[in-house]
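Q: Quick one: the structure is below, questions incoming.
The values are calculated or read from the model by the stated rules, or taken from the named source; none is laboratory data. What you see is a predicted model; the values in this text were computed from it and never measured. Here Cβ is always computed from backbone atoms with ideal geometry, including for glycine, and neighbour counts include all displayed protein chains.
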Amino acid sequence: MAVLPEVKKHYGELQLFINGEWVASKSGEMEKDPNPATGEAIAECPTATHDEAIAAVKAAQEAFQTWKDFPMRERAKMLFDMRAKFEEHFDELTRILTQDHGRTIGEATGSVRRVIENIESACSALYGLVQRNEHLDQLANGIDEYLVWEPLGAFLIITPGNIPMHAWSSFVPYALAAGCTVVVSPSRQDPVAADAICRVAQETGFPPGVINLVHGGRKINKLILEQPEIKGVGFIGSNRAGHELFELCGRLGKTSSINGNGKNHLVIMPDADMESGTEWLLRACFGMSGQRCLGVDNVVILGDHYDEVKERFKDAAAAMKMGYGLDQETQLGPMTTPQGREKVLQWIEDSLADGASMVLDGRKAKVPEYPGGYFLAPTILEDVTPDMPMAKEEAFGPVASLIRASNLDEVIEWINTKTNLGHSASIMTASGKNARKFIREVNVGNVGVNVGVPQPYAFFPLGSRRESFVGTAKSRMASMRMFMDEKTVTARWV
């Protein structure tokens with residue numbers, strides 16, 4: 001199979017998008033953005049100045065005054081037009097995402113498809129407002145009462161390095177559908193992807209200021225959120241950064257959707273179908289090189305088939321082809337940053353020091369064609385117990401821990417109490433009884449049955465519980481509750 005062509009070898013000095021115009025930052029601060037597969041720079045990313053960030057906020061606030069009053073049908077038409085633009089640029093966006101993030105082209109294809117599904121879901125949310133408004137005639141003699149939902153204003157949207165496009169679509173289309181405007185602040189890890197998605201969205205012709213893009217990081221994010229014109233924040237990223245934002249929102253009285261780290265489990269019962277299950281394991285543990293909010297770290301195995309599962313998993317993982325994601329045969333791309341790779345290597349070293357044993361060692365991975373890439377091969381550890389730090393802390397890399405268990409009650413107790421994170425958990429079983437018990441008793445927000453990654457479709461919210469989520473509303477469809485507020489009207493005309 002072919003190696004797909006890069007859209008561009010180098011994207012130049014990236015700009016800010018403020019009030020409908022692409023402008024060069026005056027800060028003079030530029031940071032190189034490398035291709036993770038080669039280590040070579042593909043762009044230079046600026047850091048916005050204080051004044052540039054404030055200008056983006058002012059533009060969003062001014063645009064809100066008119067955007068909120070756009071007739072519903074006109075907003076819906078623009079969202080449908082935006083969907084068409086993403087279909088038109090689909091192939092280009094997948095290759096840019098692969099080049100900038102490091103994932104495989106197949107994974108990028110799925111991610112851009114999720115973006116389009118979120119736009120479709122936002123359209124349905126907009127039309128669904130008809131059902132959310134409630135009206136009661138003659139509540140009392142001559143008195144009518146009704147409920148309306150109104151957009152709150154301008155919002156800060158912060159996207160992470162692992163899912164720069166998908167995270168954008170988990171908030172931005174819904175904000176626009178609600179009648180809100182946005183200032184998007186993307187991760188420094190893959191700014192070319194953020195630039196590309198903004199350019200495609202703006203081809204739709206949204207009024208100036210409805211969508212704004214600034215590059216900056218935590219300091220700029222804090223500055224933007226502190227502005228009174230910004231009514232809240234949608235965030236996907238680390239717990240540390242997210243909880244800082246949540247505390248700031250509390251002090252400022254702002255709404256939020258804060259989605260953080262996970263420590264996810266996949267439970268393999270004795271009756272699991274391992275013919276299909278091995279492929280599910282590979283996707284769950286090593287998809288996107290393990291840099292996945294709903295990816296699996298802990299593989300819990302019950303019954304006498306531990307050795308069979310281990311050998312199947314080990315052989316399949318060892319056979320995965322590493323390389324540049326634009327090579328259509330590649331099954332595992334590089335880590336997105338060298339810092340991320342070093343962090344995972346240290347996580348593995350610490351785990352071995354705590355008593356884990358190596359089943360498959362991917363630390364010395366080499367891809368001869370790409371010697372400068374940030375590659376880390378699949379790594380599998382065993383002799384892991386639920387009380388070890390490695391069983392509680394997210395690796396965020398292509399690492400899996402094998403854990404033995406004696407019964408399902410024990411496993412559910414581990415998931416519910418050994419970690420304070422609650423993104424997801426999955427079970428592989430042929431037993432409806434065990435699956436139902438798992439669904440009802442496990443304290444996580446996203447549950448899978450015979451799937452490796454329980455990724456909800458766009459028209460369902462990303463569940464997530466405990467320390468993995470704090471805020472006013474979940475993302476995707478549920479974010480409409482963050483972007484809008486209720487107004488109850490009581491009227492007497494008789």
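Q: When residues of segment 374-393 are filtered for being surrounded by 23 or more Cβ atoms within 10 Å (Cβ to Cβ) and in a loop (DSSP other than H, G, I, E, B), how many remain?
A: 5
Q: Give the residue, chosen from Gly452, Gly448, that is outside any helix (DSSP H, G or I), touching a helix residue (DSSP H, G or I) at 6+ places or on another chain (Cβ under 8 Å) and assigned by TED's automatic domain parsing to the domain that holds Gly287.
A: Exactly one of Gly452, Gly448 is outside any helix (DSSP H, G or I), touching a helix residue (DSSP H, G or I) at 6+ places or on another chain (Cβ under 8 Å) and assigned by TED's automatic domain parsing to the domain that holds Gly287, namely Gly452.
Q: Among (1) among the β-branched types (Val, Ile, Thr); (2) in contact with a strand residue (DSSP E or B) (Cβ under 7 Å, 6 or more places away or on another chain); (3) closer than 29 Å to Asp190 by Cα, there is one condition Thr336 misses while meeting the rest; what is its number?
A: Of (1) among the β-branched types (Val, Ile, Thr); (2) in contact with a strand residue (DSSP E or B) (Cβ under 7 Å, 6 or more places away or on another chain); (3) closer than 29 Å to Asp190 by Cα, only one is false for Thr336: (2).
Q: Next question, about the same structure. Given Gly128, Gly102, Gly161, Gly110, which one is outside the structural domain of Thr336 (by TED's automatic domain parsing) and at positive phi?
A: Step by step, each of Gly128, Gly102, Gly161, Gly110 is checked, and only Gly102 is outside the structural domain of Thr336 (by TED's automatic domain parsing) and at positive phi.
Q: Further question on the same structure: Looking only at segment 166-184, decide whether some residue is part of a helix (DSSP H, G or I) and either without any contact (Cβ under 8 Å) to a residue 12 or more places away in the chain or outside the structural domain of His50 (by TED's automatic domain parsing) (or both).
A: The answer is no, given that none of the residues of segment 166-184 is part of a helix (DSSP H, G or I) and either without any contact (Cβ under 8 Å) to a residue 12 or more places away in the chain or outside the structural domain of His50 (by TED's automatic domain parsing) (or both).
Q: Let me ask you something else. Taking Gly242 as the residue in question, decide whether it is assigned by TED's automatic domain parsing to the domain that holds Thr49, assigned to a loop (DSSP other than H, G, I, E, B), of a type outside the set (D, E, K, R) and within 24 Å of Gly161 (Cα to Cα).
A: no
Q: Here's a follow-up. When you scan segment 389-400, do you find a residue that is of a type in the set (D, E, K, R) and free of Cβ contacts under 8 Å to residues at least 12 places away in the same chain, even just one?
A: Checked segment 389-400: no residue is of a type in the set (D, E, K, R) and free of Cβ contacts under 8 Å to residues at least 12 places away in the same chain.
Q: Related question: Can you pull out the residues in segment 402-424 that are among the polar types (S, T, N, Q) and either closer than 14 Å to Val296 by Cβ or not in a loop (DSSP other than H, G, I, E, B) (or both)? Talk me through it step by step, then tell me what you get.
A: Quick first cut of segment 402-424, residues among the polar types (S, T, N, Q) only: 406-407, 416-417, 419-420, 424.
Asn416, Thr417, Thr419, Ser424 - these are the residues of segment 402-424 that are among the polar types (S, T, N, Q) and either closer than 14 Å to Val296 by Cβ or not in a loop (DSSP other than H, G, I, E, B) (or both).
Q: Take the residues in segment 172-230 that are of a type in the set (D, E, K, R) and crowded, with 24+ Cβ neighbours inside 10 Å; name whichever of them is farthest from the chain's Cα centre (by Cα).
A: Of all residues in segment 172-230, those of a type in the set (D, E, K, R) come to 188, 190, 195, 199, 203, 218-219, 222, 226, 229.
With crowded, with 24+ Cβ neighbours inside 10 Å added as a condition, the list becomes 190, 195.
On the way: Asp190: 13, Asp195: 17 Å.
Applying the filter and picking the extreme gives Asp195.
Q: How many of the residues in segment 120-163 are aliphatic (A, V, I, L, M) and either without any contact (Cβ under 8 Å) to a residue 12 or more places away in the chain or in contact with a Pro (Cβ under 6 Å, 6 or more places away or on another chain) (or both)?
A: 4
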